[in-house]
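Peer 1: If you scroll down you'll find the structure; I have some questions about it.
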Amino acid sequence: MPLDGATNVGRAIATVGEPVLLVYKDDGALAVARGGTLEFGSESAQATAYPMAGYAPVSSPDQLGDAAFRRDHGLRYAYVAGAMANGIASTRLAQEMGRAGMLGVFGAAGLSLERVEAAIDELSHSLPDNSYGFNLIHSPNEPALEAGVVSLYLRRGIALVEASAYLRLTLPLVRYRVSGIARDAQGRIVAPNRIIAKVSRVEVASQFFSPPPDEFLTELVRTRDISPEQAVLAASVPMAQDLTAEADSGGHTDNRPLVTLLPTMLALRDRMQVKHNYAARLRVGAAGGLSTPSALAAAFSMGAAYVLTGSVNQACVESGSSDVVRSMLALAEQADIAMAPAADMFEMGVRVQVLKRGTMFPMRAAKLYELYRTHAGLESLSEADRAFVEKQILRAPIEDAWRSTRAFFARRDPAQVERAERDPKHRMALVFRSYLGLSSRWANSGDSTRVMDYQVWCGPSMGAFNEWVRGSFLERPENRRAVLVGQNLLYGAALQLRRQYLGAQGIQLPVGIADGLPLEQQALMRVTNP
């Protein structure tokens, strides 16, 4: 017996946890079929028969993405909350994601080893099944720090890292991947340490989809970090089985559009799988610009094994950012972003994508890089430039700023101080980098005296998210909980794919029917687990 009315049709389509069969009534209107018999043929023997309009199977959020990815990482959903530096991707965020069957990655980049180890203590106790990861960021200007982080991860048994901002493979990264590699009882090669690589360039992705370089394995054998037998085994595994194609994201980004980047990485995946014939298939996930159900649906439709979000999680109550920043993000539109010099790769001219609405940071940081590029050292600054740096940026005499910067690097990486004492230009870089680094911490702490200097990593996806949730309960920053946001994005993606499936059968749904707007927790449970 069909159920009449657009409301019933919309409700049935929106309940993605159940299949839906639509029929045409005598007047041509759509109706939902409940019970009865489905017959194939031009005519029916039944007195009251309705021609079938379309059918859609269950389209559940926990079916999206690669089932092997979910299984290998012990997840319910193919959904990752990616690392955001300085603890913005906080332990609380990782905990909430892990408990919900999602994967959270702690933002270890920029933190001291003591802070990172404290986070390890907290997560190892609260999530003993290891359903979390830790960030490992490329540190070309501080190689000792990167090596120290890897040593910490190995000592504390961190089994999953998200490798980000890598321009090339490094010895510490390879050491992490191959440490403990062995054969199991069935003779299969097992590498206990897994890497999810986040990249935007094919040449870097090729390195991660390849086995560890021979020269690094040879060096690790020489230093007795691995045995010769382990080096042989390592030549049969990729550096990373999972690789995230990072498109136009907040922070480090090449501003690539996902619709061109993801297919390119998927094609590379297939070539590398054929070339190396790995026992476990390579996988590619998607990141950058993923903040609406349609965006997630597009990523999954193109073949993404999983999706990774960033900016939207920073705007959630569990992030390590401040309420001030969350309010700023809630007002952001898609054009309210800019590129600015990166603190960790300042001298190389690498830039990060940040919020420009409500802050002067992008312009001030760009001015610092221009001064660095055109001057040999702080001593050669003009009187006007020196006044700008001291009054607008450092808020202290340059000599005082160098003393505090020197003290910081003496604790973090003494080699940087030694070089700066010999090289005035490097001393300038360290002083300018100190401002860039502190600007993120001022934002995280909500320092009211430095609002105009807040560095808030953010992509245009934040504006798209705000457009999607406008008028809903998620419009208010205090209501944005990361798990609920993720569940709504996944549900909306599943619903979007269901609508497309029906559309391919010629069904045109009225505007506003099953539109995928955000739902509160109980309503969300009703449509995903009826």
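The values are calculated or read from the model by the stated rules, or taken from the named source; none is laboratory data. The structure presented is a predicted model; accordingly, all values stated were derived computationally and were not measured. Positions of Cβ are generated from backbone atoms using ideal geometry, with glycine treated the same way; all protein chains shown enter the neighbour counts. Note: areas computed on protein heavy atoms with side chains; ligands, DNA, RNA excluded. Shrake-Rupley method; radii C 1.70, N 1.55, O 1.52, S 1.80 Å.
Peer 1: Could you list, in sequence order, all residues of the range 325-357 that are on the phi < 0 side of the Ramachandran plot and of a type in the set (G, A, S)?
Peer 2: Scanning the range 325-357 gives S327, A330, A332, A335, A338, A340, A342, A343.
Peer 1: Taking the stated definitions as given, is V352 aliphatic (A, V, I, L, M), in contact with a Gly (Cβ under 7 Å, 6 or more places away or on another chain) and either crowded, with 23+ Cβ neighbours inside 10 Å or part of a helix (DSSP H, G or I) (or both)?
Peer 2: Values: aliphatic (A, V, I, L, M): yes; in contact with a Gly (Cβ under 7 Å, 6 or more places away or on another chain): yes; either crowded, with 23+ Cβ neighbours inside 10 Å or part of a helix (DSSP H, G or I) (or both): yes.
Yes: the conditions hold for V352.
Peer 1: Oh, and also: Restricting attention to helices (runs of 4 or more DSSP H) lying wholly within the range 129-209, give those where 1 or more residues are surrounded by fewer than 22 Cβ atoms within 10 Å (Cβ to Cβ) and touching a Lys or Arg at 6+ places or on another chain (Cβ under 9 Å).
Peer 2: 143-156, 202-208
Peer 1: Take residues that are of a type in the set (F, W, Y) and closer than 16 Å to A343 by Cβ and tell me which of the helices (runs of 4 or more DSSP H) falling wholly in the range 400-476 contain 1 or more.
Peer 2: Values: elements: 414-422, 424-445, 461-469.
It comes to 424-445.
Peer 1: May I pose another question? Looking at A494 and the list (1) open to solvent by less than 10 Å² (accessible area, probe 1.4 Å); (2) in a loop (DSSP other than H, G, I, E, B), which single condition is not satisfied?
Peer 2: For A494, the failing item is (2).
Peer 1: On to the next question. Would you confirm, using the coordinates I've provided, whether R256 is assigned to a loop (DSSP other than H, G, I, E, B) and either at pLDDT below 95 or not polar (S, T, N, Q) (or both)?
Peer 2: On the way: assigned to a loop (DSSP other than H, G, I, E, B): yes; either at pLDDT below 95 or not polar (S, T, N, Q) (or both): yes.
When the stated conditions are applied, R256 passes them.
Peer 1: Another question, then. Within the range 498-517, count every residue that is assigned to a helix (DSSP H, G or I) and either surrounded by 22 or more Cβ atoms within 10 Å (Cβ to Cβ) or free of Cβ contacts under 8 Å to residues at least 24 places away in the same chain (or both).
Peer 2: To start, the set of residues in the range 498-517 that are assigned to a helix (DSSP H, G or I) comprises 498-503.
Next, from what is left, pick out any that are either surrounded by 22 or more Cβ atoms within 10 Å (Cβ to Cβ) or free of Cβ contacts under 8 Å to residues at least 24 places away in the same chain (or both): 498, 503.
Here the count works out to 2.
For every residue, the table says whether it meets (1) open to solvent by less than 10 Å² (accessible area, probe 1.4 Å); (2) in contact (Cβ under 8 Å) with a residue 12 or more places away in the chain; (3) assigned to a helix (DSSP H, G or I).
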| position | (1), (2), (3) |
| --- | --- |
| A286 | yes, yes, no |
| G289 | no, yes, no |
| A295 | no, yes, yes |
| A298 | no, yes, yes |
| S301 | no, yes, yes |
| A305 | yes, yes, no |
| N313 | yes, yes, yes |
| V317 | no, yes, no |
| S327 | no, yes, yes |
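Peer 1: Right, next: I need the full set of residues from the range 380-394 which are open to solvent by 70 Å² or more (accessible area, probe 1.4 Å) and within 16 Å of Y369 (Cβ to Cβ), in order please.
Peer 2: Q392
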